[in-house]
Amino acid sequence: MFYICHGDVTQQQLCTRATALLAGRQFNVTAARNWLNSVSTSLPCFTGAPIVVQEGAECPLKPFWNIPGRDCDVRSFPVQGNFDLNKYIAKTWYEMTWLAPEYIDPIYYYQDYQHEYEMQPNNSIIVRVSGRNEKKECFFENVSLTTTSTPGKLTWHDVSADVPYNVIQTDYDHYAMVFGCYNMTSSGMCKKARGWLWSRGKTLDRRYRLAAHSKMQDLCLNPAAFFPTEHKNECVRDTGGSTSLRALVVLTAAMLIFVVSLTT
């Protein structure tokens, strides 16, 4: 509950005009309302009928801002200076937040989402993706990244589209901010894009988040429009695809040898 005095304060320290806000973390704040009703008798200064905000569908946040006096043309957005691809793909990146082309209900968020990389002889990069879908089931897939003539500007290839994958800012050891716009106006204002805030660990220190958010705002992006990703139950890929099968084969063979030895 929040209380705001936006009027004059009398000599008796009474507020002449105030607003009280009752807020909740969920759409349904029944418990909070019940609490307010139970303590209302001890708050005689609160008078008047409350204005109830209807609880319904969440309104999506606008991901792109057209800020007067700031260059919001995505074609002019810079990438990380002196970009080192080998450092960037050397270790796993864990997704902290991500930007989707359109609003997605929180019940459909993926969790435990991460990328691992493998450079190919043709200089393309295999991205080994893992995570949990909205049913909390593990998924694994491979997509690819290809380089361009500009260091830091890559292209993300998956079954749905080829999307620019521009490493806007990274320190290689803690965080990376990636953004790619694939639908823009004639003036360069982005309409649809994908973006990520990555971490080398399953959490990200506040100072690195602030650094990334500051860069987002410099590029006319709204950090609050990025969806959060939790990391609580990592999906482990069976690298060989048959490790457990090989173990079963070895065990079966050993049992057969043992049985044969008993019968002879």
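The values are calculated or read from the model by the stated rules, or taken from the named source; none is laboratory data. Owing to the predicted nature of the structure, the values given are computational and were not obtained by experimental measurement. Glycine gets a Cβ as well: all are built from the backbone with ideal geometry, and neighbour counts include every protein chain shown.
Going by the conditions given, is Glu230 of a type in the set (Asp, Glu) and either closer than 18 Å to Lys87 by Cβ or part of a strand (DSSP E or B) (or both)?
Taking the combined requirement at face value, the residue does not satisfy it.
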Report summary line: The residue that is modelled with the highest pLDDT, considering only those in region 141-169 that are under 23 Å from Asn222 (Cβ atoms) and in a loop (DSSP other than H, G, I, E, B), is Gly152
Query raised in the report: Only one of (1) of a type in the set (S, T, N, Q); (2) loosely packed, with under 14 Cβ neighbours inside 10 Å; (3) out of contact with any Ser or Thr (no Cβ under 7 Å at 6 or more places or on another chain) fails for Thr148. Which number is that?
Result: (3)
Query raised in the report: In the list Lys192, Lys136, Lys153, which residue meets the criterion of being basic (Lys, Arg) and at positive phi?
Result: Lys136
Requested in this report: Please identify the pairs in which a residue from region 153-176 that is assigned by TED's automatic domain parsing to the domain that holds Tyr88 and farther than 19 Å from Tyr94 by Cα has its Cβ atom under 9 Å from the Cβ atom of a residue that is polar (S, T, N, Q) and buried (at least 20 other Cβ atoms within 10 Å of the Cβ), counting only partners at least 6 apart or on another chain.
Outcome: Lys153/Asn166
Report summary line: Going through region 170-182 in order, the residues found to be in a strand (DSSP E or B) and modelled with pLDDT of 90 or more are Thr170, Tyr175, Ala176, Met177, Val178, Phe179, Gly180, Cys181
Requested in this report: Would you mention how many residues in region 185-233 are exposed (fewer than 15 other Cβ atoms within 10 Å of the Cβ), of a type in the set (Lys, Arg) and under 18 Å from Tyr94 (Cβ atoms)?
Outcome: 3
